[in-house]
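The values are calculated or read from the model by the stated rules, or taken from the named source; none is laboratory data. Because the structure is a prediction, the values reported are computed rather than measured. FYI the Cβ positions are ideal-geometry reconstructions off the backbone, even for glycines, and counts take in every protein chain you see. In case anyone asks, the SASA skips ligands and DNA or RNA and just uses the protein heavy atoms, side chains included. Shrake-Rupley method; radii C 1.70, N 1.55, O 1.52, S 1.80 Å.
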Amino acid sequence: MQTHDAKRVEIIIEAPLERRLTDALRAADVTGYTVLPVLGGSGASGTWSREGQVSRASGMLSVVCLIRPDRLDTLLDAAFTVVEKHIGVVSICDAQVLRAERF
């Protein structure tokens, strides 16, 4: 089966920023993404868990995008407008996809 090059971008942000991030992505013509809950983790601020949170609004979430490599800079510029002043992590890795016309 033939595969096609893509980039997988994962953006972990505070849940209250979800709308700002997805609006910025859509404004940059990034139409495909998946939003996932983040249950816990550890980082510069120490260990945390969603269990101790009072509401979903105080948790974290992950936004995952698969895009064509030539669209990467556009996506990163849009994401950075939201992430630069807030808690957030952006990771990028190479991926292979089937049905390249969907990306």
Note on the range 54-100: residues at pLDDT below 95, of a type outside the set (A, V, I, L, M) and open to solvent by less than 20 Å² (accessible area, probe 1.4 Å) are GLY59
Please list, ordered by first then second residue, the pairs with beta carbon atoms under 7 Å, 6 or more apart or interchain, first in the range 1-16 and in contact (Cβ under 8 Å) with a residue 12 or more places away in the chain and closer than 17 Å to ILE67 by Cα, second hydroxyl-bearing (Ser, Thr, Tyr) and open to solvent by 50 Å² or more (accessible area, probe 1.4 Å). GLU10/SER91
